[in-house]
Structure formats: structure tokens, C-alpha cells
Amino acid sequence: MKIIAAAQAALDGMPIHSLSIAVIDDTQMSQLHAEFMGDPSPTDVLTFDLRDHAETEAIEGEIVVSADTARREAAQRKLAPEQELLRYVIHGVLHLRGMDDGSPSGRQQMRRAETRVLNELATSKTARRESTLHKSTRRETMSRKSMLSRKKH
């Protein structure tokens, strides 16, 4: 569910024809990386844009992320592996939206966009949690009131 939310947030309202996201291990990622990029080492994310005209069509693509790489990188950065994996999903979506991290400025721009989306997700998660807490507290208060009113009768 969080992967879907991350992809939707990164899409930022862009129309989707189809989007597939696969979470795989480093062995599978190494095979794909070798086949499509000529590099047999594992990588964090591979993005495949399946559109004929990327600039004019709704998103149609595949994103493949490595859970093993996310765990390894998260441990080095002292982050939750889930956060690292979500960053990879967001990164893939940003590529499908046309962002390019092939230059230092492009990498910096993409990293800022990834962080912005992760922050939006964290903010909306906090807001949902607070809303749920508020509703729960309100129900508890109402329950107490109804118990008190029953005691009076």
C-alpha cells in the first residue's frame, strides 16, 4: 500500500495508462541490469518507459527495485529499509515523468524531488494518524457520556 501511495505522490497528478512496480532481490536485479544496461552488478532501481511518445502520452512503464540493495543502503545510512525502497520507487516514477539524473545538477534536482515526495508522504501519514486519533478520542468521549447518561436513569 505504501508503494502505491509513493508512486501516486511522485506522479503528482500525471495520467497513467499502466504502471508496474516489481520488488526483487539482488540476484534478479543483477540479471536485469546486465541484460538491459550491460552491467552485471546489482543496482537500486531500473525504469522502463514503454511509451512511444513519452512527452505526449500518459505514463506507461515498469519500475523494478531491489529490496536487498534497499536493506544494505538503509543500514549504511541508518534509515528504515522501507524508506529507502520507497525512495527507489519515487526515483523510478520521476524518470517516467522525464527527470534525468545523468548530470550532477540533474542528480541534485532528482534527490530534492525524491525528498519532497517522501516528506509529503510522512506529512500525510501524520495527518491521517492525528485524524484517526481525534476520531478515536471523540468516540471514547461519546462512549463515556452515553455510559454516564445510562447511569443517571
Given (1) under 22 Å from N119 (Cβ atoms); (2) aliphatic (A, V, I, L, M); (3) in a helix (DSSP H, G or I), index of the condition A34 fails: (1)
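State whether one or more residues within region 54-74 are among the basic types (K, R) and within 23 Å of G98 (Cα to Cα).
no
Output yes when any residue across region 60-69 is exposed (fewer than 13 other Cβ atoms within 10 Å of the Cβ), modelled with pLDDT of 95 or more and of a type in the set (D, E, K, R), and no when none is. It would help to see each step written out before you state the result.
Looking only at region 60-69, we keep the residues that are exposed (fewer than 13 other Cβ atoms within 10 Å of the Cβ), and these are none.
No, the conditions are met nowhere in region 60-69.
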Residue in region 73-88 that is over 23 Å from K2 (Cβ atoms) and surrounded by 13 or more Cβ atoms within 10 Å (Cβ to Cβ) present: no
Number of the condition not met by V45 [criteria: (1) surrounded by fewer than 17 Cβ atoms within 10 Å (Cβ to Cβ); (2) under 21 Å from S20 (Cα atoms); (3) within 13 Å of the chain's Cα centre (by Cα); (4) of a type in the set (V, I, T)]: (1)
Complete set of residues in region 1-25 that are buried (at least 18 other Cβ atoms within 10 Å of the Cβ) and part of a helix (DSSP H, G or I): A6, A7, A9, A10, L11
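Please pick out the residue among R112, R87 that is among the basic types (K, R), part of a helix (DSSP H, G or I) and free of Cβ contacts under 8 Å to residues at least 24 places away in the same chain.
Numbers: R87 fails: free of Cβ contacts under 8 Å to residues at least 24 places away in the same chain.
Result: R112 is the single residue among R112, R87 that is among the basic types (K, R), part of a helix (DSSP H, G or I) and free of Cβ contacts under 8 Å to residues at least 24 places away in the same chain.
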T56, sole failed condition from (1) surrounded by fewer than 14 Cβ atoms within 10 Å (Cβ to Cβ); (2) β-branched (V, I, T); (3) in contact (Cβ under 8 Å) with a residue 40 or more places away in the chain: (3)
Counted residues, region 27-45 - those being touching a residue at least 40 places away in the same chain (Cβ under 8 Å) and of a type in the set (A, V, I, L, M, F, W, C): 2
Residues of region 2-26 classified as touching a residue at least 24 places away in the same chain (Cβ under 8 Å), of a type outside the set (S, T, N, Q) and within 21 Å of E55 (Cβ to Cβ), total: 9
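The values are calculated or read from the model by the stated rules, or taken from the named source; none is laboratory data. Note that the coordinates shown come from a computational prediction; the quantities given were computed from them, not determined experimentally. Neighbour counts are summed over all protein chains in view; Cβ atoms, including those assigned to glycine, are modelled from backbone coordinates with ideal geometry.
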